[in-house]
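Take a look at the structure set out below.
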Amino acid sequence: EDEPRPGARAAEPSEPEPIAAAPQAGFDSEDAGPDLAYDEAMSAFNTGRYGDAEQRFDEIARTGGAKAAAASLFAAQAARNGGGCGVAAPRFEEVANRFPGTGVGNEAAWQAADCQRQLGLVEEARRHYRALLATAYANRAQQALAQLDAEPERVARPKAARPAHKGELGEAPAKKAAPPPAAETKSE
């Protein structure tokens with residue numbers, strides 16, 4: 001019974017439909033569960049409640065069905081938005097391995113590579129980019145590989161080894177300027 005009803009419109013993952021206040025005539029309550037759960041998860045994601053969205057998408061992915069792959073990808077993206085690449089890279093890796101050769105699997109591989117690149121895990125990122133050369137991501141993957149080859153030092157260093165930028169690791173205490181030496185303050 002996972003087939004869409006005749007005349008039903010598929011929801012776009014990037015633009016979820018608003019949740020109806022009340023069921024419409026002809027509404028099949030058994031079909032509402034997965035769609036309502038997905039819409040609620042997407043709402044949490046779109047409003048920045050990433051922890052909530054991640055949990056909701058994980059539950060949808062666990063139950064399977066037509067939206068399991070997309071839910072898995074959104075759960076990983078929510079992990080990235082809420083906790084950063086250190087948390088999300090393994091999640092993207094898992095989705096790529098679970099749905100290989102699909103649009104969701106390829107996007108997860110791209111996101112995994114992007115996170116690994118940011119984390120300084122260049123060889124892992126290269127592995128994903130190379131695998132994507134045989135997909136619709138071929139041009140993007142080729143460009144990413146070229147960038148890795150052109151800027152190996154900047155990309156290869158983990159974030160912890162780079163100097164911190166203002167606000168990246170917290171504000172450093174302001175240093176007071178040393179007063180000028182007495183000899184330089186005389187006017188001649």
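All of the numbers you see were taken from the coordinates with simple rules; none came from a lab. Just so it is clear, the structure is predicted and the values come from calculations on it, not from any experiment. Quick reminder, even Gly has a Cβ in these numbers, built from the backbone with ideal geometry, and neighbours come from all protein chains shown.
Scalar couplings 3J(HN,Hα) for region 101-114, obtained by applying the Karplus form with A = 6.51, B = -1.76, C = 1.60 to θ = phi - 60°, are x, 9, x, 5, x, 5, 5, 5, 5, 4, 5, 4, 4, 4 Hz; x denotes Gly and Pro. Were the residues from VAL87 through GLU40 laid out at 0.36 nm apart, the gain over their Cα-Cα distance would be 14.6 nm. Oblate is the label for region 62-159, because the ratio a/c of its alpha-carbon gyration tensor axes (a ≥ b ≥ c) is 1.5 or higher and a/b is not greater than b/c. Positive end of the charge dipole of region 77-124 (Lys, Arg +1 and Asp, Glu -1 on Cβ, about the Cα centre): tell me which of ASN97, LEU119, GLY84 has its Cα farthest that way. Comparing the listed Cα positions along the dipole, GLY84 ranks first.
Using a simple spin-label model with pseudo-atoms 7 Å out from Cα toward Cβ, ALA66 and ASP149 lie 4.4 nm apart.
Taken about its Cα centre, region 30-119 carries a charge dipole of roughly 380 debye when the Cβ of each Lys and Arg holds +1 and the Cβ of each Asp and Glu holds -1.
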